[in-house]
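Q: First, the structure itself, so that you have it in front of you.
The values are calculated or read from the model by the stated rules, or taken from the named source; none is laboratory data. Bear in mind that the values here come from a model prediction, so they are computed numbers and not experimental data. Cβ coordinates were reconstructed from backbone atoms using ideal geometry, including for glycine residues, and neighbour counts include every protein chain displayed.
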Amino acid sequence: MDFGFKLSPSSAVNLDTVDLARFDKLTSLVPDALTCIGCGSCSATCTAAPWSGMSVRKVLLGLQRGRDEEVDKMLSACMLCGKCTMVCPRGINTRHLILTLCRLNQKGEVVR
Amino acid sequence: MRERFADAFHPFVLPFLVGIFFVLGYCLVGMIRVIAQLPKADRKRFLLTLITPKYIWMNVRDIFLNCLIHVKLWKRNKVLGYMHSSIAFGWFMLIVLGHLEVMLFVPHRIRFFYYPIFFNYFVAETEQTLPGSLLMFLMDFFLLIVLSGITLAIIKRFASRIVGMRRTTRLSLFDRIGLYSLWAIFPLRLLAESFTAHISGGSFLTIPMNWVFRQFLGNDLHELPTWWAYSIALCVFMCVLPFTRYMHIPAEMLLIPMRNAGIRIRHPRKGFASLEVYSCPSCGVCIDACPMSVRKANCKDATVYLNRMLRRGNERRIEEISDKCLLCGKCTAVCQVGVQGPELRVAQRARRKYALSPDFSEINVRPMASAVASGAGGKSGGVLYFAGCMTQLTPSIRRATTSLLDKAGVRWQMMDPDGGLCCGRPLMMAGRTDQARQLIAKNLEIIRASGCDTLLLSCPICYKVFREEYALDDVRVVHHSVFFQELIASGRLQMQREDELRLVWHDPCELGRGCGIYEEPRQALAAVGELVEAGKHHAESICCGGSLGSLTLSYEQRQPMTQNALDNLTLANPGTIVTGCPLCLATFVRAADRPVRDLAEVLDEHC
């Protein structure tokens, strides 16, 4: 039956199958990550956003929704310029957050 | 002048011999290790300078002035300067004169290591010749100088405020043993030489003391134990020296030639870096200087503690200290040895392993390159203005800068009108050099395509990396403070001076200590108003606390630092705080009780 619209199965998120190991480790190392209100200031100012879609807000969201590939792609575009830190209304040290995340593997372990 | 003993030996010299051979052996092995750990090119360069006359002269001069006379310390604090140079130079002269005595009177004994040190015990009737009495006089004189230094050192230990230090380091156990043995050496030497003065001879210090002691000590039984004690104190000092802060004495003598040769830190633990770590005298000047130590916070994260942790191999603390630092470079500016704390930290950050590394090789900069190539800067020179990330965030600076360029009639165009790539400096500070190099290559492509002859920057963070890491041979890289000062000086920008305007200039870390630009912005400001100075300024200016250098400091931790920097800036009660860094500006604006402006904005208003 055609309703004129349909649910796209590819973008549906099944939260039961999401592995939150990386996000949990991140919040234990950088508790400030939990204070994000998703305002999008970081997305608006990001230097890398025009060519990569980088956004700290989306990184945090993606981690909780198991969108690991998208997260990794965004993280590998960050130039650490610090604009997101400057504008964050919650005062989150986003550079510390990003660098910490880069140190974690997919299982949420700090690589040595 | 005659020798007292035919065999020229007494068992009390043994402790001294043990100590001297241990410390010399240790330093020799250490020196060979450090040189062997240098990268091959660096090693060759260093060894070459050791046989180049110009460098030999430089090395001898610097070692004499810094290690013995402590010139830098004199400039900073006269009392501390006297204390250090009296002990170092006095002791050096005692050793040199001791050898001179032996060479003059008993040249066949010069091969005994201990003979010049215990000369007074082994000889008699030295003052009966003119050179003998002169040398004895000099020996007493320099011993007195050293003793005065030791006295100051003891006073300083119990009341450091008298010599002007607020906070100092906590000594480790070995440091304490070294310190007390060092204190003991010279009074014991004085006693030992005084007790023997009626046999060996002496001068204005030892002979009267000998006379006084002989009035109530009826015999010579105390003479040998004192010589034993002197020798043992020397032995203890030299045996613990490699494990104490006094290791800076031998380490600095190798550090100075290496620094003169232009060797840089490439690894946080090996080669030159280990030399810097061992050269740290643990004086703690960097604790008071560190902008993080405001309100007694983060005192244990100063460079002196990084050096201590690197020596102890405490990995957890090394990482913590390395990541926290603002990299403002003030510790190096105040350090008497010039230990490069920020460079040590960056080298440490560069060793870190990451599961995920950014990759910028895919970025297509051709549209940006072709945009600047067809722009007003054109192929025939002109100014290319790179605003950079931070200036994009503070558009008032960008507007003021471009407005000034127009007023001066400069042919210019923007490199990043719609936002560009980062300059690479933040990545460099985070120790991710390879990724920074990718960005540098991309930016170079754009700059080359523009055909400009001047690259103008309004952000000192960008300025430093463009100046140091970009291969822009025929393009002049210039910070806007310098560029506008030149335009004012040449009359292309006419300033209207406003006499009631009181301005204070904040030296951004990257511009001042980082690039050595202090005077141009001040001259430019003097053209528009009255310039007043902050409490600490020039090389000792205080970081705004917003630095990208720190990876872990939170906003809450940075706030007191910003407040402290503002308090320092407003000491002379200026109307406006002026800076040349968009990051400093954005940081100050949040906390300041008066207007904070960029230099370009102030100039634009009065033009």
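Yes/no per residue for (1) touching a Cys at 6+ places or on another chain (Cβ under 9 Å); (2) more than 30 Å from B:Asn120 (Cα to Cα); (3) of a type in the set (Asp, Glu); (4) surrounded by fewer than 21 Cβ atoms within 10 Å (Cβ to Cβ):
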| residue | (1), (2), (3), (4) |
| --- | --- |
| B:Cys239 | no, no, no, yes |
| B:Ile249 | yes, no, no, yes |
| B:Leu275 | no, yes, no, no |
| B:Tyr278 | no, yes, no, no |
| B:Pro291 | yes, yes, no, no |
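Q: Do we find that B:Gln348 is part of a loop (DSSP other than H, G, I, E, B) and within 30 Å of B:Val304 (Cβ to Cβ) in this structure?
A: So B:Gln348 fails the test.
Q: I'm trying to understand the selection: among the residues of the range B:498-526, which are over 22 Å from B:Cys462 (Cβ atoms) and crowded, with 21+ Cβ neighbours inside 10 Å?
A: B:Leu503, B:Val504
Q: Please work out which residue is nearest to the other protein chains (Cβ to nearest Cβ), limiting yourself to the range B:579-607 and to residues that are closer than 26 Å to A:Leu80 by Cα and of a type in the set (Val, Ile, Thr).
A: B:Thr587
Q: Now a separate question. Looking at (1) surrounded by 23 or more Cβ atoms within 10 Å (Cβ to Cβ); (2) more than 10 Å from chain A (Cβ to nearest Cβ), which is the one condition that is false for B:Lys407?
A: (1)
Q: Right, another one. Just for strands (runs of 3 or more DSSP E) wholly inside the range B:388-487: which have at least 2 residues that are out of contact with any Gly (no Cβ under 7 Å at 6 or more places or on another chain)?
A: Those strands (runs of 3 or more DSSP E) span B:454-457, B:476-479.
Q: Residue check: is B:Leu182 surrounded by fewer than 20 Cβ atoms within 10 Å (Cβ to Cβ) and not basic (Lys, Arg)?
A: no
Q: Is the range A:46-67 home to any residue that is assigned to a helix (DSSP H, G or I), in contact (Cβ under 8 Å) with a residue 60 or more places away in the chain and more than 12 Å from every other protein chain (Cβ to nearest Cβ)?
A: no
Q: Run down B:Glu468, B:Glu445 and say which single residue is without any contact (Cβ under 8 Å) to a residue 60 or more places away in the chain, surrounded by fewer than 20 Cβ atoms within 10 Å (Cβ to Cβ) and more than 14 Å from chain A (Cβ to nearest Cβ).
A: The match here is B:Glu468.
Q: Now for a separate question. Looking only at residues in the range B:529-547 that are among the aliphatic types (A, V, I, L, M) and surrounded by 23 or more Cβ atoms within 10 Å (Cβ to Cβ), which one is nearest to B:Phe588 (Cα to Cα)?
A: The residue in question is B:Ile542.
Q: Tell me yes or no: at least one residue of the range B:124-144 is of a type outside the set (D, E, K, R), modelled with pLDDT of 90 or more and not in a helix (DSSP H, G or I).
A: So far as the range B:124-144 goes, no, none of its residues is of a type outside the set (D, E, K, R), modelled with pLDDT of 90 or more and not in a helix (DSSP H, G or I).
Q: Shifting gears a bit: Could you please find all residues in the range B:313-323 being surrounded by fewer than 19 Cβ atoms within 10 Å (Cβ to Cβ) and assigned to a helix (DSSP H, G or I)?
A: B:Glu315, B:Arg316, B:Arg317, B:Glu319, B:Glu320 - these are the residues of the range B:313-323 that are surrounded by fewer than 19 Cβ atoms within 10 Å (Cβ to Cβ) and assigned to a helix (DSSP H, G or I).
Q: Do we have any residue at all in the range B:84-100 that's over 25 Å from B:Thr151 (Cβ atoms) and either β-branched (Val, Ile, Thr) or part of a helix (DSSP H, G or I) (or both)?
A: Yes, the range B:84-100 contains at least one residue that is over 25 Å from B:Thr151 (Cβ atoms) and either β-branched (Val, Ile, Thr) or part of a helix (DSSP H, G or I) (or both).
Q: Going by the structure shown, is A:Val59 of a type in the set (A, V, I, L, M) and over 28 Å from B:Thr391 (Cβ atoms)?
A: no
Q: For B:Ala373, state whether it is in contact with a helix residue (DSSP H, G or I) (Cβ under 7 Å, 6 or more places away or on another chain) and crowded, with 20+ Cβ neighbours inside 10 Å.
A: no
Q: Further question on the same structure: Of the numbered conditions (1) over 16 Å from B:Arg432 (Cβ atoms); (2) within 11 Å of the chain's Cα centre (by Cα), A:Ile98 fails exactly one; give the number of that condition.
A: Just one mismatch for A:Ile98, condition (1).
Q: Hey, does the range B:411-420 have a residue that's surrounded by 24 or more Cβ atoms within 10 Å (Cβ to Cβ), within 26 Å of A:Ser76 (Cβ to Cβ), touching a residue at least 24 places away in the same chain (Cβ under 8 Å) and among the aliphatic types (A, V, I, L, M)?
A: Within the range B:411-420, one or more residues are surrounded by 24 or more Cβ atoms within 10 Å (Cβ to Cβ), within 26 Å of A:Ser76 (Cβ to Cβ), touching a residue at least 24 places away in the same chain (Cβ under 8 Å) and among the aliphatic types (A, V, I, L, M).
Q: Which count do you get for residues in the range B:548-570 that are more than 20 Å from A:Arg90 (Cβ to Cβ) and within 14 Å of chain A (Cβ to nearest Cβ)?
A: 1
Q: For the range B:564-579: of the residues being free of Cβ contacts under 8 Å to residues at least 40 places away in the same chain and within 26 Å of the chain's Cα centre (by Cα), which is surrounded by the fewest Cβ atoms within 10 Å (Cβ to Cβ)?
A: Within the range B:564-579, the match that is surrounded by the fewest Cβ atoms within 10 Å (Cβ to Cβ) is B:Asp567.
Q: Next question, about the same structure. Among (1) assigned to a helix (DSSP H, G or I); (2) within 14 Å of chain A (Cβ to nearest Cβ); (3) crowded, with 23+ Cβ neighbours inside 10 Å, there is one condition B:Leu326 misses while meeting the rest; what is its number?
A: It fails just one condition, (1).
Q: When you check B:Ser181 against the structure, is it more than 27 Å from B:Thr332 (Cβ to Cβ) and not acidic (Asp, Glu), yes or no?
A: So B:Ser181 fits the description; yes.
Q: If B:Val60 passes every condition in (1) surrounded by 15 or more Cβ atoms within 10 Å (Cβ to Cβ); (2) modelled with pLDDT of 95 or more; (3) of a type in the set (A, V, I, L, M, F, W, C) but one, which one does it miss?
A: Condition (1) is where B:Val60 drops out.
Q: Restricting to the range A:75-104, what's the tally of residues that are more than 7 Å from chain B (Cβ to nearest Cβ) and farther than 17 Å from B:Cys389 by Cβ?
A: Of the residues in the range A:75-104, 6 are more than 7 Å from chain B (Cβ to nearest Cβ) and farther than 17 Å from B:Cys389 by Cβ.
Q: Then there is this: Only one of these is within 25 Å of B:Cys235 (Cα to Cα), surrounded by 15 or more Cβ atoms within 10 Å (Cβ to Cβ), out of contact with any Gly (no Cβ under 8 Å at 6 or more places or on another chain) and of a type in the set (D, E, K, R): B:Arg33, B:Arg109. Name it.
A: Testing whether each residue is within 25 Å of B:Cys235 (Cα to Cα), surrounded by 15 or more Cβ atoms within 10 Å (Cβ to Cβ), out of contact with any Gly (no Cβ under 8 Å at 6 or more places or on another chain) and of a type in the set (D, E, K, R) leaves just B:Arg109.
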